[in-house]
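Have a look at the structure below, then the notes.
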Amino acid sequence: LGDQRYYYLPCPNCKKEQRLQFASLHWPDDCYTRDGLVHEDKVLTSTYYQCGECEFHIRDQHKQNMLLQGYWKPTADELTRRRRSYQINSLYAPWTKFGEIAVKYLKAKQSDIGAETNAMQDFYNGELGEPWEDIRKVADIPTIASRRMEYRVGEIPYPPRKLVMTVDVQQNSLW
């Protein structure tokens, strides 16, 4: 397993040492345009990293100095410290702005809606250096059958949770 080293940096305000983690990255709530697209300019200029200790808004201009003061810290217990192992993510990259990472996340999230794409998996693996766990559930036949309801043909049961229509396309007809 290794000693699981992470790069710790001091907050420019309170000096508390911490790992840069995606959950502490913040961007505006109104980050989408009227068309539902990511408002890239707003996200690029407004995104910041929030210190876990003092809640200071760490901006891109703080990153370089923080990186120079950082160090690799082993986090595993003594029994697994036989080898050095390292994990780092794109938040540390001096050439990448916090807003660029937020835009990548928002676009990946948006492209995965209603699609069988792997944009979120690519983001988690590539940008965050973290493993991906697919949380989409596949229902089994007994679960689906247990949700079946009795109703008359042409009548929509009340209250409908979702309306779903399926069709089996044949060469000369629809079933």
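Just give me the residues in region 63-87 being hydrophobic (A, V, I, L, M, F, W, C), modelled with pLDDT of 95 or more and outside any helix (DSSP H, G or I), in sequence order.
Answer for region 63-87, where residues must be hydrophobic (A, V, I, L, M, F, W, C), modelled with pLDDT of 95 or more and outside any helix (DSSP H, G or I): just TRP72.
Which of (1) farther than 30 Å from LYS109 by Cα; (2) surrounded by fewer than 17 Cβ atoms within 10 Å (Cβ to Cβ); (3) modelled with pLDDT under 95; (4) not basic (Lys, Arg) does ASP3 not meet, given it meets every other one?
(2)
Are any of the residues in region 21-44 of a type in the set (S, T, N, Q), part of a strand (DSSP E or B) and open to solvent by less than 90 Å² (accessible area, probe 1.4 Å)? Write out each step before concluding.
Applying the first criterion (of a type in the set (S, T, N, Q)) to region 21-44 yields 21, 24, 33.
With the extra rule that they be part of a strand (DSSP E or B), the set shrinks to none.
Looking through region 21-44, none of the residues is of a type in the set (S, T, N, Q), part of a strand (DSSP E or B) and open to solvent by less than 90 Å² (accessible area, probe 1.4 Å).
Would it be correct to say that GLN64 is open to solvent by 80 Å² or more (accessible area, probe 1.4 Å) and either in contact (Cβ under 8 Å) with a residue 12 or more places away in the chain or under 20 Å from ARG5 (Cα atoms) (or both)?
On the way: open to solvent by 80 Å² or more (accessible area, probe 1.4 Å): yes; either in contact (Cβ under 8 Å) with a residue 12 or more places away in the chain or under 20 Å from ARG5 (Cα atoms) (or both): yes.
It is true that GLN64 is open to solvent by 80 Å² or more (accessible area, probe 1.4 Å) and either in contact (Cβ under 8 Å) with a residue 12 or more places away in the chain or under 20 Å from ARG5 (Cα atoms) (or both).
Mind listing whichever residues of region 45-60 are open to solvent by less than 70 Å² (accessible area, probe 1.4 Å) and either more than 22 Å from LEU106 (Cα to Cα) or without any contact (Cβ under 8 Å) to a residue 24 or more places away in the chain (or both)?
Of everything in region 45-60, those that are open to solvent by less than 70 Å² (accessible area, probe 1.4 Å) and either more than 22 Å from LEU106 (Cα to Cα) or without any contact (Cβ under 8 Å) to a residue 24 or more places away in the chain (or both) turn out to be GLY52, CYS54, PHE56.
Pairs please, first residue from region 130-151 and among the basic types (Lys, Arg) and in a loop (DSSP other than H, G, I, E, B), second anywhere and at pLDDT 75 or above and surrounded by 10 or more Cβ atoms within 10 Å (Cβ to Cβ), Cβ atoms under 6 Å, 6+ apart in sequence or on different chains.
Correct list of pairs: empty, since none qualify.
Which residue pairs have Cβ atoms closer than 6 Å, lie 6 or more positions apart in sequence or on different chains, and pair a first residue in region 88-104 that is of a type in the set (S, T, N, Q) with a second residue that is surrounded by 15 or more Cβ atoms within 10 Å (Cβ to Cβ) and part of a loop (DSSP other than H, G, I, E, B)?
From region 88-104, the pairs are ASN89/LEU128; SER90/THR96.
The values are calculated or read from the model by the stated rules, or taken from the named source; none is laboratory data. Keep in mind it's a predicted model, so treat the numbers as computed, not measured. Because the Cβ atoms are built from the backbone with ideal geometry, glycine has one as well, and the counts that use them run over all protein chains shown. All accessible areas refer to the heavy atoms of the entire protein, side chains included, with ligands and DNA or RNA removed. Shrake-Rupley method; radii C 1.70, N 1.55, O 1.52, S 1.80 Å.
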